[in-house]
Amino acid sequence: MPITLDLRQAIIHKVHGSNDADLRGMIEGSVDGPEQALPGLGVIFEMIWKNIDKAKQDELVQIVQEHLKTVTPGPLT
């Protein structure tokens, strides 16, 4: 029987019960980290997105838009 892994639940399980310093360490260790860390950041971002009001969502979208204006995409490899 194959084992089904729910990535969201695995990540939530890993960080559940973490204190502020642990969460900050996970986030900071993932930013600019290995590609394998990106799903974890995605789950954390999803949790944030679902739990903030529309005004804060709009603010986040604007932050991303402003950042995208300052970067040049690198080559796809």
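Quick notes on this structure:
- The residues of the chain expose, per residue, 90 Å² of accessible area to a 1.4 Å probe.
- Convex hull volume of the stretch 23-65 per residue (C-alpha atoms, cubic angstrom): 78
- Packing-based order for 39-52, 64-77, using average beta carbon neighbours within 10 Å, highest first: 39-52, 64-77
- Projected label points at residue 41 and residue 67, each 7 Å from Cα along the beta carbon direction, are separated by 0.7 nanometres.
- Residues of the stretch 30-61 with amide N under 13 Å of the 7 Å Cα→Cβ point at residue 8: 42-51
- If the convex hull is drawn through the Cα atoms of the chain, its volume per residue in Å³: 150
- Of all accessible heavy-atom area on the chain, the percent that carbon and sulfur account for (1.4 Å): 60
The values are calculated or read from the model by the stated rules, or taken from the named source; none is laboratory data. Everything numeric here is computed off the predicted structure, so don't read it as measured data. In this analysis, Cβ positions are derived from the backbone assuming ideal geometry, glycine residues included, and neighbour counts consider all displayed protein chains. These accessible areas exclude ligands, DNA and RNA; they are computed on the full protein's heavy atoms, side chains included. Shrake-Rupley method; radii C 1.70, N 1.55, O 1.52, S 1.80 Å.
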